[in-house]
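The values are calculated or read from the model by the stated rules, or taken from the named source; none is laboratory data. Note that this is a predicted model, so its numbers are computed, not measured. Positions of Cβ are generated from backbone atoms using ideal geometry, with glycine treated the same way; all protein chains shown enter the neighbour counts.
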Amino acid sequence: MARYTEKQKAALDVLMKDDVYEHAMKIIADEGLGSLTMERLASGVGVSRGTIYNYFDDRDAVLDYLEERTFGPLLAVIKEVAASDLQPEEKLTKISEWVFTAVYEDRALVIALTPNKYSGAKRECQMRRRTNALGAIKVVVNEGIAAEAFKNRSPLLVSELFMGLITGMIESMVFSGEFQPAEEIVPTMMEIFLGGLRNEIDHPVDSPVGHISAPGNEKCNTGELRK
């Protein structure tokens, strides 16, 4: 029996996981989560079921791997955008675009994972990822407040609202089954969100509410009838 060096074994492990990822994603996209079994996966990859179990304890472990490999890199992207030279508004918009693009491209996996997203160890992993993403977004919000581009509101609350808006939209698409690409969601979403966050005068001078008559020219309704 051939014996592999540690380097060769590591390379084979990568190839095996690549095959598992490719075939599992295809099964979910083409036939739905119900068709993803360890037997079906082993057949697609071209190995025995026992070989698959050498890498994954069960189907849930496969799903965890799919989720981590597909959406895990998003956290790195969010941190990269947060640390970039873009303006705070542009950073929040760019983060939204990345998230909704990933969700749209892998919507079959999103649908498959949503019912079980808060169970067991997966919940702990997702909560850690969420906490890290929230921290990066909070940095952006703090930048906006410091630059007086954003209103001086609780950075944590604003960040939570931003993430809640994104996750709420994703869950709505999952439940309706109607997914939209980022370019159809982000402009409207950010217009509404940033419209309330921008540090602007509430009532501009040229608006009816903000108009103030010059001293001495005030008009007062005395209630007297004109003759």
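Filtered by the rule that a residue be more than 16 Å from Asp19 (Cβ to Cβ) and either touching a helix residue (DSSP H, G or I) at 6+ places or on another chain (Cβ under 8 Å) or touching a residue at least 40 places away in the same chain (Cβ under 8 Å) (or both), segment 63-80 gives Leu63, Asp64, Glu67, Glu68, Phe71, Gly72, Leu74, Leu75, Val77, Ile78, Lys79.
The set of residues in segment 36-62 being of a type outside the set (Ser, Thr, Tyr) and part of a loop (DSSP other than H, G, I, E, B) consists of Leu36, Gly46, Val47, Phe56, Asp57, Asp58. Going residue by residue through segment 6-18, is there one that turns out to be in contact with a helix residue (DSSP H, G or I) (Cβ under 9 Å, 6 or more places away or on another chain), small (Gly, Ala, Ser) and either in the same structural domain as Ile111 (by TED's automatic domain parsing) or in a helix (DSSP H, G or I) (or both)? No, segment 6-18 has no match at all.
Checked against the criterion of being part of a helix (DSSP H, G or I), modelled with pLDDT of 90 or more and surrounded by 17 or more Cβ atoms within 10 Å (Cβ to Cβ), segment 108-131 contains not a single residue that satisfies it. Surrounded by 18 or more Cβ atoms within 10 Å (Cβ to Cβ), at pLDDT 95 or above, assigned by TED's automatic domain parsing to the domain that holds Thr188 and assigned to a helix (DSSP H, G or I), is that true of Val103? Against the criterion (surrounded by 18 or more Cβ atoms within 10 Å (Cβ to Cβ), at pLDDT 95 or above, assigned by TED's automatic domain parsing to the domain that holds Thr188 and assigned to a helix (DSSP H, G or I)), Val103 does not qualify. With respect to Gly72, is the statement that it is at pLDDT 85 or above, assigned to a helix (DSSP H, G or I) and not basic (Lys, Arg) true? In short, no. Residues that are aliphatic (A, V, I, L, M), touching a helix residue (DSSP H, G or I) at 6+ places or on another chain (Cβ under 6 Å) and over 18 Å from Ala112 (Cα atoms) within segment 26-62 comprise Ala42, Val45, Ile52, listed in sequence order.
Taken over segment 171-188, the criterion of being within 19 Å of Leu92 (Cα to Cα) and surrounded by 18 or more Cβ atoms within 10 Å (Cβ to Cβ) is satisfied by Ala182, Ile185, Val186. Any idea how many residues of segment 123-159 are of a type in the set (D, E, K, R) and touching a residue at least 24 places away in the same chain (Cβ under 8 Å)? Residues in segment 123-159 being of a type in the set (D, E, K, R) and touching a residue at least 24 places away in the same chain (Cβ under 8 Å): 6 in total.
Inside segment 151-182, can you point out the residues that are in a loop (DSSP other than H, G, I, E, B) and of a type in the set (A, V, I, L, M, F, W, C)?
Phe179
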